[in-house]
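The values are calculated or read from the model by the stated rules, or taken from the named source; none is laboratory data. What you are looking at is a predicted structure, and each value in this text was computed from that prediction instead of being measured. Backbone-built Cβ (ideal geometry, glycine too); neighbour counts: all protein chains shown. The area values use the complete protein model at the heavy-atom level, side chains included, leaving out ligands, DNA and RNA. Shrake-Rupley method; radii C 1.70, N 1.55, O 1.52, S 1.80 Å.
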Amino acid sequence: MSTTLESHPPTQTGSFGHARALVCRACGGEQPLGPFYACRECFGPLEVAYDFPRVTRAGIEGGPPNIWRYRQLLPVRADIASIPNTEPGFTRLIKADNLARELGMVSLWVKDDSGNPTHSFKDRVVAVALAAGRELGLKVLACPSTGNLANAVAAAAARAGMKSVVFIPHDLERAKVLSTAVYGGTLIAVKGNYDDVNRLASEIAGEEDDWAFVNVNVRPYYSEGSKTLGYEVAEQLGWRLPRQVVIPVASGSQLTKVDKGLAELTQLGLVESTPYRIFGAQANGCSPVAEAFRAGRDVVRPVRPDTIAKSLAIGNPADGPYVLDAVRRTGGAVESVTDAEIRDGIALLARTEGVFAETAGGVTIATLKKLVETGQLDPTQETVVFNTGDGLKTLDAIADRVGPAATIEPTYAAFRAVFR
Ligand SMILES: *Cc1c(COP(=O)(O)O)cnc(C)c1O
Ligand SMILES: [Zn+2]
């Protein structure tokens, strides 16, 4: 870590729009915008702070149909939309009346982020990290990944004409391995779990001065991309906040930044100030944040992941304590579900709304169901649940429970014999 801090001059070299500085989430200390992720004083995590201009709904609505419509609220240059990129975001928000009825809820929406260019929400964060990497003069786009980030980094680097180096655990789903490798770039499988891969990446980041490790040395910028999920939900609801949001938790970055995004919309006067509750969703096989929540602890104890929800399998979540803060402050909760419930969640969403989620979406739907059943979430209040990835990447999760009703000869009689 200290090598990274010392080997770069602490000066702003590019254009980060209205971003002002990096501020420490632990001690509040500020440092200039640069390739840093840890506070010089206390090693706390850094996040981007802004001097926002006057931002209007009309200005946003007149922007492109992707995350760059919110460019004034992101650490990116004004002409970012005109630089070749994967153009993620502005995915559909669907009214989920069938699922609401099934769960005994009054008003439910699914924010379907599987509609992004590489079929997960990770395209949002990578687009912002890539923009920052460019401004900082970094040459290689890299990451440790549980799968979806690998897809997004390899694709974004290809489109930007950059080199990429992606590190994954060796036992990842086949679909995620192939759909990363296809974009070119270098893909390295590491014998270990995600936390091992992440440790290795931090070590390499300390050595390679001109690499942008999207979720390591440019993590403060990367994280800002998740705010756009919150912005979009509010805009798509007609510029208002939902009362309850259910969000999957891996490192916890997405959940904390959706909270930040919703708070910014209120501060900027783009939505009326209304209370909202944030809920986090984890798999039992990797639920360090849910366990801390249930135990009333502030400290998140690392676990060794063992779940089919590999995209959420981070045993030592960097933003865990901030997730606990956000859900406790807003009156939400963090819950977790079994692998069987995850499979049920995938099937339930597909059957009721025609949306095929990956295991992370199964976690979130199953957690929503559990939150309603246990009375933690109010079924009479408007709720948005996130599907953050595409079921085609995790087919094995449902492979042994769905398939053809019958295999028949190509005759009407054969069809009638099986279909009554
Ligand atoms: C990475 C990921 C998340 C959550 O990521 P955080 O690390 O908590 O920001 C959620 N869903 C999917 C499908 C992901 O790939
Ligand atoms: Zn600090």
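Two decimals, Cα atoms only, Kirkwood Rh: what is Rg/Rh over the range 220-324? List each step's numbers first, then the result.
Details: Rg = 14.5 Å, Rh = 14.3 Å.
The Rg/Rh ratio comes out at 1.01.
So what is the accessible area of the chain per residue, in Å², with the probe set to 1.4 Å? Don't jump to the answer; show the numbers that get you there.
Working: 16690 Å² over 420 residues.
Value for the chain: 40 Å² per residue.
For VAL402 paired with ALA189, estimate the spin-label separation in nm (one decimal), with each label point 7 Å from Cα along the Cα-to-Cβ line.
If labels sit at VAL402 and ALA189, their model points lie 2.7 nm apart.
Based on C-alpha coordinates, I'd like the Rg and Dmax of the range 300-378, in Å.
Values for the range 300-378 (Cα only, Rg and Dmax): 13.4, 37 Å.
Counting other Cβ atoms within 10 Å of each Cβ, which trypsin sites (Lys or Arg not before Pro) in the range 10-104 have at most 11 and sit in a DSSP loop?
Working: sites: ARG20, ARG25, ARG40, ARG54, ARG57, ARG69, ARG71, ARG77, ARG92, LYS95, ARG101; in loops: ARG25, ARG40, ARG54, ARG77, ARG92.
Those that pass, being in a loop and sparsely packed, are ARG54.
What are the ³J(HN,Hα) couplings of the range 159-167, residue after residue, when phi is run through the Karplus curve with 6.51, -1.76, 1.60 and θ = phi - 60°? Round to Hz, x for glycine and proline.
Those phi angles translate into 5, 7, x, 10, 7, 10, 10, 10, 10 Hz.
Using 0.36 nm times the number of residues separating ARG416 and ASP196, minus their current alpha carbon distance, what extension gain do you get? Write out the running numbers ahead of the final one.
Values: separation 220, 0.36 × 220 = 79.20 nm, distance 5.52 nm.
Length gained, ARG416 through ASP196: 73.7 nm.
Using a 1.4 angstrom probe on heavy atoms only, work out the carbon and sulfur share of the accessible area of the chain in %.
Numbers: 8600 of 16690 Å².
Carbon and sulfur atoms account for 52 percent of the accessible area of the chain.
Using all Cα-Cα distances in the chain, what percent lands in each 20 angstrom bin from 0 up to the longest?
In order of increasing distance, the bins hold 28, 59, 12, 1 percent.
Hey, what do the phi angles of the range 38-50 turn into as Karplus ³J(HN,Hα) couplings, whole Hz, using 6.51/-1.76/1.60 and θ = phi - 60°, x for Gly and Pro?
My calculation for the range 38-50 gives 10, 4, 5, 7, 10, 6, x, x, 9, 9, 7, 10, 10 Hz in order.
Quantify how much of the Cα-Cα distance distribution of the range 18-95 extends past 21 Å, in percent. Before the final figure, lay out each step's value.
Details: 1331 of 3003 pairs.
Of all Cα-Cα pairs in the range 18-95, 44 percent lie more than 21 Å apart.
Suppose we flag GluC sites (Glu not before Pro) only when DSSP calls them loop and at most 14 other Cβ atoms lie within 10 Å. Which is the longest uninterrupted stretch of the chain? Before the final figure, lay out each step's value.
Working: sites that count: GLU41, GLU272.
Excluding the exposed sites themselves, the longest stretch runs over 42-271.
So, by mean Cβ neighbours within 10 angstrom, what's the order for 396-406, 321-331, 298-308 with the highest one leading? Mind showing how you got there, number by number?
On the way: 396-406: 11.2, 321-331: 19.5, 298-308: 15.9.
Order by mean packing, descending: 321-331, 298-308, 396-406.
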